[in-house]
Amino acid sequence: MYRFLLTPRWWGINVFVLLAIPFCIFMGSWQLGRFEDRVNDHRAASEQVTSAKTEAARPLTELLPVDQNTSGKQATATGRYDMQLLVPDRELDGKRGFYVLTMLRIDGGKALPVVRGWLPGDADPAKAPAAPTGEVTVTGALQASESPGSNGVSAAGGLPKGQTGAISSASLVNLVPYKPYDAWITLDKADSGMKAVPATAPQNSGLDLKAFQNLGYTGEWFVFAGFVVFMWFRLLRREVEFARDAELGLATDEADERVSGEQRAEDETEQQPEDGASTPASASPTA
């Protein structure tokens, strides 16, 4: 009854199943591992931001370029405040407001973006307090340049003059007359009645959309593996039912057609002339 498993058709089905199931399990396990790595990165990044608050501040130049290890570290820089910008549509403690961003000119011609604090409401230059004059030394958490469209950073363009959607060197280079650092700091103590902006974990180290996509892909691959097994058993049961009905003389039209087709194929094989044999030509009538 199960001799059909040795037919070429079922050899192909069986080989496909034997290859598909391990592949689906491997891909599901790999996606699960990616999700677990992101969970561990998120935990480590959160612990780093917390522990960095108690560490001694280090000069800015010692922490550049910003990476997963230096993001959130306490940095110090000395210079003079210059151009001031506003960063609209930023939330803090569940309220909508804006950051007050001031460029700190440092010896050498470059400038460091410094978030001096947060204020509620719409971005309004009249609400933003003026920056201290003269030479100042700032201390705050070092942050990497933001990417528009991620972690709440606005990707909208067409902002009014004096505003920027993202705190990044790529955005600021078109707004300020000097080269900005590819980093920024948020002050531990905000200036002039503003609220301090807390440091955030490095990008791509949190439980973001990509992390939950990995978890979703994990479930999909395991579902695919189960579906392959289900379809194989369904096809097997169908073939067994056809074979049983044929033995009992209860074959359906579909089974009859399949049996007839197989019989025709066997008859054609048996009637096929051997290699090298020629079919005699029919005699033509003589004149």
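Coordinate-derived values only; no laboratory data. Everything numeric in this text was worked out from a predicted model, so none of it was measured. Note that each Cβ is placed from the backbone with ideal geometry, even for glycine, and that neighbours are counted across all protein chains shown.
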* To do: Report, by chain and number, residues whose modeled amide H sits under 5 Å from the one on Met83, excluding near sequence neighbours (fewer than 5 apart, same chain).
  => Met103
* What residues qualify as long-range amide H neighbours of Ala123, i.e. H under 5 Å apart, gap of 5 or more or another chain, H built at 1.01 Å from N? -> Asp89
* For segment 8-13, take each phi angle, set θ = phi - 60°, evaluate the Karplus expression 6.51 cos²θ - 1.76 cosθ + 1.60, and give the result in whole Hz per residue in order, putting x for glycine and proline. => x, 4, 6, 4, x, 5
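When you count, for each residue, the other Cβ atoms within 10 Å and take the mean per peptide, how do 10-16, 170-176 rank with the highest first?
Details: 10-16: 12.9, 170-176: 15.9.
Per-residue Cβ counts within 10 Å, averaged per peptide and sorted highest first, yield 170-176, 10-16.
Please get the size of the charge dipole for segment 72-200, origin at its Cα centre, with Cβ charges of +1 on Lys and Arg and -1 on Asp and Glu, quoted in debye to the nearest 20.
Details: 13 positive and 12 negative charges, 15 e Å.
With Lys and Arg at +1 and Asp and Glu at -1, about 80 debye.
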* Structure fact -> By the mean-Cβ-within-10 Å protection proxy, highest first, 78-87, 227-236 rank as 78-87, 227-236
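As an exercise, use a Förster radius of 22 Å and the Cβ-Cβ distance of Glu247 and Leu6 to find the FRET efficiency, rounded to the nearest 0.05.
Given R0 = 22 Å and the Cβ-Cβ separation, E is 0.80.
Using mean Cβ contacts within 10 Å as the protection proxy, how do 67-73, 55-61, 218-224 order, highest first?
Working: 67-73: 18.6, 55-61: 13.1, 218-224: 15.7.
Top of the packing list down: 67-73, 218-224, 55-61.
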* Work out from phi, with θ = phi - 60° and the Karplus expression 6.51 cos²θ - 1.76 cosθ + 1.60, the ³J(HN,Hα) of each residue of segment 140-148, listed in order in whole Hz, and give x for Gly and Pro. => x, 7, 6, 10, 7, 4, 7, 10, x
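Mind checking the full-extension length gain between Ser169 and Phe26? Use 0.36 nm per residue of separation minus the Cα-Cα distance, one decimal, nm. Walk me through the numbers on the way to the answer.
On the way: separation 143, 0.36 × 143 = 51.48 nm, distance 4.08 nm.
Contour length minus Cα-Cα distance gives 47.4 nm.
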* Rounded to whole Hz and in sequence order, give me ³J(HN,Hα) for segment 227-233 from the Karplus expression 6.51 cos²θ - 1.76 cosθ + 1.60, θ = phi - 60°, writing x for Gly and Pro. => 5, 4, 4, 4, 5, 5, 5
